[in-house]
Amino acid sequence: MKTLRKRLTTQFLWAISISILVTGIIVISLAKSSYNERIEERLLQEANMIVTAIDRDDVQHASWQEAGRTYSQILQAEVSLFSSKEESVADESERKRDSASEKRQVQRVFESGESYTSSTLWDQSQVVIVPILNSKQEVTGAVRIELVDSSFGSSILRYWIYLLLVGVIAVMLAVGVSALMAYGLTKPIEEVTRIATDIAQKNFQRIVTVQSEDEIGRLGQAINRMASSHQKQMASVRKSKRRLTTVIETMDSGLLMVNGKGEINLANRALEEMLGVENEQVIGTDVQMIPYPHEIRTLLNRCIEQGERIREEIHLYLPEDRIIEVRVVPIGGQNERLGVVAVLHDITAIRRLEKMRTEFVANVSHELKTPVTSLRGFTETLLDGAIDDKETAREFLNIVLGESLRLERLISDLLDLSRIESKKLTLERDWVQVDELVVSTVRSFRTKVEKRQQDLQLCIENPFPVYIDRDRFEQILLNLLSNAIAYTPPGGQITVEVIQIADEWRLEVKDTGIGIPEEDLSRIFERFYRVDKARSRESGGTGLGLAIVKHLVEAHEGKLEVKSSVGEGTTFSATFPLVFMEHKEKSSDN
């Protein structure tokens, strides 16, 4: 394929060559026409001179013959005199002529009485015929002069040679000029083309150097404006794409998009974590071949076939037990095959909370029903006459008091748990010696421990101050100790230990009780959850103690752990960050 520069150069050469050729032809034609006019004028003058010199009334034509010989030599031309339309009186021609054509020419002069001229191109012959008029203005004869100039053909040939030489020189000059002109025209165009190609390849670093105000200069300015606008648009598109990608990748909900061909072309990280399938395995895969659960494939196919919105909940068991709400929406136009967008919400926590709320209401109702029923039953019994029996009345009143205290503890624990979970609990921290705090709390359990024939040990090697809410910490320790005493049989041992580890300190409550089964460890901090329900009720527990402990530990920015083996005992560990006195003093000063 020829380049624009080559085409322009070739076109310039053709235009110049044709112009030279046409100019040469015109110039040579004009030269020949001018030459013929001059010869024709000369021959007419000479013919008129011969007519004037002869005796036009000479019937014998003796003077005509003499004039023919004389003027043929003088003029060096072929001079012929005719006395009639066909008869020649004097003919000094030495070459053959077309006599028929000559007779027709002479006859035309005799008939019209006007001069006749003609010329031929090939033999360069010029003919002039002038009528001879007598004294009565009658045509009595004609003078014919024919001039053959062979030198004019040589002149024409020389003209053509000169024209050829001039043309060659002009073409050579034209090659250089056209090359320079083509270069000047195509260089900015080539630059614009390269920059346009760079723009198409999203390379906006180069710009067109505008060196003129003509059409090419305006084109370069337009390209620069287009590149600048395109760069801004691409930057805006990339920014929008980054925002969209960030939004999609940070969504908690899974996102899945299927195009009109039935291929997966978008899946976010949440979907990957939710379904346990890497995105690289599904992007570009046909929807029928994806390794997703059967329920999801079914919903996608239904939406593609029916073109309607679908909203359903599915229960997945792998990679873990989840309840997923799937919303599938069709996308596409009237003339396009439908694609779909699926949004997957993990509502496991919501359903679990709903279940916990239902269970909580049921548990609260059950826990409240038991003491209320006891209070009502014993009260009715007393009213029915048992109050007259002092022994029975005292026993029943003690039971009513116990149930009332149990009901009070339950309500108090519920209020505490409600305040803690609603984030309305305010900690009133202060500096307290850890040994003083723990010893005073443990001392209150000595009588109960001795009564149950249990051994309670306290271990604090190096006492240190802690920055803590005293009342809430006592509540933590009381619940843990109550739990340990309740589930440790007589003769068992309970140990309370405080340990400082680097920038943390830990409270451990160990017992040698019945232990907790492994399947129950993950649920013991739930409200009203009891491993041994019968023993828990016997001990007066509400089932809320460990839930309160967990929330209070977390309120102190700590973490609560439990280790247990059935028949060997249980260890609860509450770890808190250690706040140093110097740090607190500096904070107060600031």
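The values are calculated or read from the model by the stated rules, or taken from the named source; none is laboratory data. This structure is a prediction, so every number in the text was calculated from the model and none was measured. Using ideal geometry, Cβ is built from the backbone for each residue, glycine included, and neighbour counts are taken over all protein chains shown. The protein model used for the area step is the full one, side chains on, heavy atoms only, and it has no ligands, DNA or RNA in it. Shrake-Rupley method; radii C 1.70, N 1.55, O 1.52, S 1.80 Å.
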key: Note, ³J(HN,Hα) from phi for region 300-310, Karplus 6.51, -1.76, 1.60, rounded to Hz, x at Gly and Pro   = 4, 5, 4, 5, 5, 6, 8, x, 10, 5, 10
query = Semi-axes of region 446-511's equivalent ellipsoid from the Cα gyration tensor, sqrt of 5 times each eigenvalue, largest first, rounded to whole Å?
reply = 24, 13, 9
query = On average, how much accessible surface per residue is there in region 229-348, in Å², for a 1.4 Å probe, leaving out ligands, DNA and RNA?
reply = 61 Å²
query = How much area per residue is accessible in region 454-519 when the probe is 1.4 Å and only protein heavy atoms are counted (Å²)?
reply = 43 Å²
note = Residues meeting the amide H criterion for Trp505 (H placed from the backbone, H to H distance under 5 Å, 5 or more places apart or on another chain) are Phe576, Leu578
ask   = Residue-wise, which Karplus ³J(HN,Hα) couplings in Hz belong to region 285-297, taking 6.51 cos²θ - 1.76 cosθ + 1.60, θ = phi - 60°, and x for glycine or proline?
value = 8, 5, 4, 6, 9, 5, x, 7, x, 4, 4, 5, 4
ask   = Taking amide hydrogens as modeled 1.01 Å from N in the peptide plane, which residues meet the under 5 Å criterion relative to Gly141, leaving out close sequence neighbours?
value = Ile132
query = Which ³J(HN,Hα) values in Hz, rounded to whole numbers, follow from the phi angles of region 342-356 under the Karplus curve 6.51 cos²θ - 1.76 cosθ + 1.60, where θ = phi - 60° and Gly and Pro get x?
reply = 10, 10, 10, 9, 7, 9, 4, 5, 5, 5, 5, 5, 4, 5, 5
query = How big is region 231-342 on each of its three principal axes, counting only the C-alpha atoms and giving the largest first in Å?
reply = 48, 35, 23
task = Would you mind counting up the charge near Asn279? Only other residues with Cβ under 12 Å from its Cβ, with Lys and Arg at +1 and Asp and Glu at -1.
result = -4
